[in-house]
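Okay, structure first, notes after.
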Ligand SMILES: Nc1ncnc2c1ncn2[C@@H]1O[C@H](COP(=O)(O)OP(=O)(O)O)[C@@H](O)[C@H]1O
Ligand SMILES: [Mg+2]
């Protein structure tokens, strides 16, 4: 059964409609990716799913239960965790404090120490800088911290918006290796990516969003061979 | 020589007064720092603190310092109430909305207060002794108020940096949406922050009541001082507010030694505008 199911969701900002009936589902333990051009509504869809903005219509089911009206913090408590676009770190707080804030929910609190060791092992740079303010980190380190903060929340579903944006290729590969590890541990992942090639290479399943709707979906290894996907998103 | 004597007598007094100014300003600047709301009900809350001390001392016949903790608690709850009733709905609106909302609360408290207490002056005729320091007479009430201020400043610092709810406050101040995504119930945290801000103002008022006579309208003068101090210390920086308060207190101790004391507010507000122009983040820096 799908752990997260989004059915015909519409939403937008003020009077401006951005999503025109998006549907998507995340299978438990799978790595799913959502791709699409700039400005098609990927981030808006994630904000709607998290409850930062309300869906206008449609249904969002988490583990079979409707969660349309729940606030973002309740969803975080339930295990739905977003690593937002642009990192959104607590820049005036230390690296360590950012990780503490990640572990706010009741499921994550008792395992704080264990998870902390884990993310420091994954990202040794963060350990070296644990007493430094997050705002003083380099772009790459900030992205590591954003992901690490998400992991500290012990997510059942980890949603990452634009993981690779603005990062050096070496670092992108390192982060993607990290994602594979998380999937092995059974965490369900939704990856929103500009780097369509890379996203489809490591994902199990993919969705293509255009004009506020899912235009195409399928197993990632099929999508990557699809003519339309190749010409539109891979420039091939 | 006469001026030097005057200076030596008024400087310690001003400095000690500065602690309490700082405590009041800390409340104003905390609220601004966390939610970018300028709390125009700050003055009346200070006044409520003053009248609380009056009732505890004059009506109940208790030592006024017994009132500090109850006043703190009532200030906290009152702030949470004000946030919930008046501020929450406009928190995402333009600044003017929250200004008008807190200004309305200001008018309501002053209106009710005037009806119940009139605008005539009240006085807490309490003495905690005094001692001589050179030519200056140092009042016990000023010393105790400074100690209470230091205790609240230290407590606030420990709360914000060492406890979970305190860190939540800093996280929400820094990035509310991100805090919400991490599972922080940000609305409750904003209410708590507003409560702590008004708590500090009420406690400051309670202490000031042991210094000077006051009326229901007295708070507005201290509110203005809090603005000056907030800008001196860096709006949004509660610890900077204490230093800002001390600076203002020292100025108030120095200025009357040289010119007519009616010049004090003029000089304070010239300083206020000067700081805004040349160093808008305050002498001690602040967020943004
Ligand atoms: N806060 C906002 N208010 C109004 N419009 C917005 C806001 N955020 C995004 N948009 C608009 O919504 C559309 C979709 O944006 P977004 O969801 O960020 O796309 P994507 O993440 O796919 O690049 C864009 O046209 C963008 O200009
Ligand atoms: Mg986006």
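In chain B, the longest principal axis of the Cα atoms and the axis of helix B:68-82 are about 40 degrees apart. Please label the shape of the range B:39-198 as rounded, prolate or oblate, based on the square roots a ≥ b ≥ c of the eigenvalues of the alpha-carbon gyration tensor (a/c under 1.5 means rounded; beyond that, a/b larger than b/c means prolate, else oblate). Here the range B:39-198 falls in the oblate category.
Taking every residue in B:157-166 and counting other chain Cβ atoms within 10 Å of its Cβ, the average works out to 1. If you sort the three axes of the alpha carbon gyration tensor as a ≥ b ≥ c, you get a/c of 1.5 or more for the range B:1-67 and a/b no higher than b/c, which makes it oblate.
Largest GNM mean-square fluctuation across B:278, B:184, B:231, computed for chain B with C-alpha springs under 10 Å, falls on B:278.
Shielding of peptide A:71-78 by partners, expressed as the average count of other chain Cβ atoms within 10 Å per residue Cβ, is 5. Taking Cα atoms only, the orientation of helix B:219-233 departs from the longest principal axis of chain B by about 80 degrees. Here the ratio of the Cα radius of gyration of the range B:103-248 to 2.2 N^0.38 Å is 1.25. For the range B:167-288, the spread of Cα coordinates along the three principal axes comes to 56, 35, 19 Å, biggest extent given first.
When chain B is treated as a GNM with alpha-carbon contacts under 10 Å, the residue of B:147, B:259, B:273 showing the greatest mean-square fluctuation is B:259. Taking every alpha-carbon pair in the range B:71-116 and binning the separations at 10 Å intervals from zero gives 26, 48, 24, 2 percent. At q = 0.15 Å⁻¹, work out log10 I(q)/I(0) for chain A with the Debye formula, treating every Cα as an identical point scatterer and leaving solvent out; two decimals please. Listed by q, the Debye log ratios stand at -1.02.
Just check chain B against the gyration tensor rule for me: Cα atoms, a ≥ b ≥ c as the square roots of the eigenvalues, rounded for a/c under 1.5, and otherwise prolate or oblate depending on whether a/b exceeds b/c. Since a/c reaches 1.5 and a/b is larger than b/c, the shape of chain B is classed as prolate. Can you work out the FRET efficiency for the pair residue B:69 and residue A:112, with r the C-beta to C-beta distance and R0 = 30 Å, to the nearest 0.05? For R0 = 30 Å, the calculated efficiency reads 0.35.
Here each label is just a point 7 Å from Cα along the line to Cβ, and for residue B:163 and residue B:132 those points are 4.5 nm apart. Counted residue by residue at 0.36 nm each, then reduced by the alpha carbon distance between them, the extension gain from residue A:204 to residue A:170 reaches 10.0 nm. Once both labels are positioned 7 Å from their Cα atoms along Cα-to-Cβ, the gap between residue A:215 and residue A:230 label points is 1.8 nm. Scaling the Cα radius of gyration of the protein assembly as shown by the globular reference 2.2 N^0.38 Å produces a ratio of 1.18.
Per residue of B:167-178, other chain Cβ atoms within 10 Å of the residue Cβ number 6 on average.
Taking the 0 to 90 degree range and rounding to the nearest ten, how far is the long axis of helix B:2-35 tilted relative to the main principal axis of chain B, both from C-alpha atoms? That helix lies at roughly 10 degrees to the long axis. Looking at the range A:5-132, the pairs of alpha carbons with a distance over 23 Å make up 43% of the total. Descending by average beta-carbon neighbour count within 10 Å, the peptides A:107-113, B:117-123, B:210-216 line up as B:210-216, A:107-113, B:117-123, the highest first. Taking the fewest neighbouring Cβ atoms within 10 Å as the starting point, the ordered list for B:42, A:228 is A:228, B:42.
Counted over the range A:105-219 with a bin width of 5 Å, the fraction of Cα pairs per bin, in whole percents, is 2, 10, 20, 22, 19, 13, 7, 4, 1, 0. Beta bridges per DSSP, both residues in the protein assembly as shown: antiparallel share near 60 percent. Counting pairs of alpha carbon atoms under 8 Å apart in space and at least six apart in sequence, what relative contact order in percent does chain A give? Computed over chain A, the figure is 27 percent. Given a 10 angstrom Cα cut-off, can you work out which residue in A:14, A:58, A:102 is the most mobile in a GNM of chain A? In this elastic network of chain A, the residue with the biggest mean-square fluctuation among A:14, A:58, A:102 is A:14.
We did not get these values from a lab; they are worked out from the coordinates using the rules stated. The structure presented is a predicted model; accordingly, all values stated were derived computationally and were not measured. Note: ideal-geometry Cβ built from the backbone for every residue, glycine included; neighbour counts use all protein chains shown.
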